[in-house]
1. Has region 349-358 got any residue that is out of contact with any Phe, Trp or Tyr (no Cβ under 6 Å at 6 or more places or on another chain) and within 19 Å of PRO105 (Cα to Cα)?
2. If you check GLU384, GLU366, GLU421, which single one turns out to be of a type in the set (D, E, K, R), open to solvent by 30 Å² or more (accessible area, probe 1.4 Å), part of a helix (DSSP H, G or I) and in contact with a helix residue (DSSP H, G or I) (Cβ under 9 Å, 6 or more places away or on another chain)?
3. Would you tally the residues in region 143-177 being more than 17 Å from LEU305 (Cα to Cα), in contact (Cβ under 8 Å) with a residue 12 or more places away in the chain and not polar (S, T, N, Q)?
4. Looking at (1) touching a residue at least 24 places away in the same chain (Cβ under 8 Å); (2) under 30 Å from LEU361 (Cβ atoms); (3) open to solvent by less than 10 Å² (accessible area, probe 1.4 Å), which is the one condition that is false for THR267?
5. When you scan region 57-66, do you find a residue that is over 23 Å from VAL303 (Cβ atoms) and out of contact with any strand residue (DSSP E or B) (no Cβ under 8 Å at 6 or more places or on another chain), even just one?
6. So, in region 303-314, how many residues would count as being free of Cβ contacts under 8 Å to residues at least 60 places away in the same chain and in a helix (DSSP H, G or I)?
7. Being within 23 Å of HIS63 (Cα to Cα), among the aliphatic types (A, V, I, L, M) and surrounded by 19 or more Cβ atoms within 10 Å (Cβ to Cβ): is that true of ILE237 here?
8. Between a residue in region 76-95 that is under 15 Å from PRO315 (Cβ atoms) and any residue that is open to solvent by 20 Å² or more (accessible area, probe 1.4 Å) and aliphatic (A, V, I, L, M), which pairs come within a Cβ distance under 6 Å, given they are 6 or more apart or on different chains?
Amino acid sequence: MMTDHRHLKRRVRERMSRTRESYSTARRQVLAQASSGPLPAGLVPGYDMFGAGGHRLSSLVGHLLRQAGHVAPHTAAPYSEAMVCGLGGGIGFMYATFEYTNIPPLVTIVAQHHPEPWLAAVLARLGIGSSETHSGSVPRALAQLRADLELEKAALCLVDRSALPWHSDTLALASDPYQVVVAGAKGDILYLDDVNAQPHPISEDDFARAWSGYKKGRHHRVTVDRPAKPVDLPAAIATALAVTVAHLTGPVLGNSFDVNFGFSGMTRLAAQLRDERTKSGWVRRFADPGAYAWALLRLYECVELEYTAAGATRPLYADFLDEAAVVLGKKELARAAELFRQSGQSWSKLADLAAETADDLPEVTELARRRMTVVMTMGRAGAEEIKALSAAITAADAPGPDPAVLGALAELVDTARTFEEQAVALLAR
């Protein structure tokens, strides 16, 4: 609600004064809706941890491995979230701005490793078996899912996030795959592992709609096999490190879009933030105050919340490198970890500045969010409402892009990239 957003900055500042957290960290905590309490009956045996942790995908994969009985050979304990994150590829960078007729440009940054599927990458590197299925039939897919649960197997499924009740206010496209774990059932209620520290209950019918909503991978599900052979963790770590280095230095896809990945993508972002002359620069591209406010909010979300962990996943990846340094006996990994922590601080400062600047324009930021909600949920059918919201943004007479702010953001991108180039040189050894 607009009233809530007007008071958001005050609430964030109040939390900062109590906790000494950064702006973006305090903002994330203010907006969070965590829950706790006893777990419900009906969960598959061994699935006793829920929630997004620091990095949602790594948490889900770690929970699946834990429930299937896998432990890390160097600790004889369940794999840490940091280790799972690193084995999944850890960090990456992809920056792109998508432009469509009659709607504001859409900024997207993916700070985690991309585009390799997370669970598949972890399992392949560890040599752990799995079962993967698709189905065009809802009854057949649900029957197979129920059979998995009867066999005491949790299942990772791809769904349309916007169809999940607890994500009803999230701006998400049905074409964008979103992973959740079905961890149990009681009657016609399924229990999902997603963002909360408690399982999310959802009716089987509602889950089926969300599961069917992701058309490209309809009724996709993966279950993890029980341990069958020893894991070569040093080899898995070495392979993961090589992939991370390769994707930061490029190429990633082997086509012209590679300019948006890795260090090249960071350089491109910094240049466009500074550019005041051409139409690709942020000053001209986001001249509309609503588009500017939304782009700033997207910067914050992409670096701290969406498809990432805090600090563009760099601090969590540093924890992985510290753990990997012990496994491999390589001190340069610990030195690289410190560089990535410094990089993460720069990314979080960027998120702080972007979020605080957007929160200084509460009315326009809220109108921009509502406009984008209509764009993504209604499309052309919402043309009149989009037009009315655009008029309201214009009437608000808010300032457009501030070259000084954009220049400061660009400096932070450059600083982060410099730290990461030094760290990658160490990893490449």
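1. Among the residues of region 349-358, at least one is out of contact with any Phe, Trp or Tyr (no Cβ under 6 Å at 6 or more places or on another chain) and within 19 Å of PRO105 (Cα to Cα), which makes the answer yes.
2. GLU421
3. 17
4. (3)
5. There is at least one residue in region 57-66 that is over 23 Å from VAL303 (Cβ atoms) and out of contact with any strand residue (DSSP E or B) (no Cβ under 8 Å at 6 or more places or on another chain).
6. Within region 303-314, residues that are free of Cβ contacts under 8 Å to residues at least 60 places away in the same chain and in a helix (DSSP H, G or I) number 1.
7. When the stated conditions are applied, ILE237 passes them.
8. ALA82/LEU316; CYS85/LEU316
The values are calculated or read from the model by the stated rules, or taken from the named source; none is laboratory data. Predicted, not measured: the structure shown is a model, and the values here were computed from it. Cβ: placed from backbone, ideal geometry, glycine included. Neighbour counts: every protein chain shown. These area figures cover heavy atoms from the full protein model, side chains too; ligands, DNA and RNA do not enter into them. Shrake-Rupley method; radii C 1.70, N 1.55, O 1.52, S 1.80 Å.
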